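Student: The structure's right below; bear with me while I get my questions together.
Just so it is clear, none of the values below were taken in a lab; they were calculated from the coordinates. Everything numeric here is computed off the predicted structure, so don't read it as measured data. Every residue, glycine among them, receives a Cβ derived from its backbone with ideal geometry; neighbour counts consider all protein chains shown.
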């Protein structure tokens, strides 16, 4: 079992629209794709100064093959749509975590 983690750096001015997008569009569409389960959203706590606030959005996914298939099917359109909607007001990067227990 893997965790697909995306960290978003959200500008203060875009928080409201990003949070609405997250709950009304992103989380439902990821679950409806059939690849992901058990979403979690967490605020990243840091003492480092940054412009905006970081949030971690995590989903469980069965294996790397499933993640690669999702990426081939949906990844490019997701990034394109996300970039058009938020531009540089919300930045993101993804990591893949392997559950050890």
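Student: Counting each DSSP H run of 4 or more residues in the chain as -39500 (n - 2.57), what helix-only mean residue ellipticity at 222 nm follows after dividing by all residues, to the nearest 500 deg cm²/dmol? Walk me through the numbers on the way to the answer.
Tutor: Values: 4 runs with 31 residues, N = 101.
Result for the chain: -8000 deg cm²/dmol, rounded to the nearest 500.
Student: Hey, another quick one. Just to confirm my numbers, what's the Cα centroid distance between segment 41-73 and segment 11-37 in Å?
Tutor: A separation of 12 Å, based on Cα centres.
Student: Another question, if that's okay. Under a plain spin-label model, where a point goes 7 Å from the Cα along Cα-to-Cβ, how far apart in nm are residue 85 and residue 24?
Tutor: The two pseudo-label positions are separated by 1.0 nm.
Student: Using only Cα atoms and rounding to the nearest 10 degrees, what angle (0 to 90) does helix 76-86 make with the longest principal axis of the chain?
Tutor: The angle comes out near 20 degrees.
Student: I would also like to ask the following. Residue 73 label point, 7 Å along Cα→Cβ, cut-off 12 Å on backbone N: hits in segment 22-59?
Tutor: Only 30-36 pass the distance filter.
Student: Hey, another quick one. Report which label in [x] 40, 12, 8; [y] 23, 17, 12; [z] 41, 24, 12 holds the value of semi-axes √(5λ) of the Cα gyration tensor in Å derived from the coordinates of this structure.
Tutor: Calculated semi-axes √(5λ) of the Cα gyration tensor in Å: the matching label is [y].
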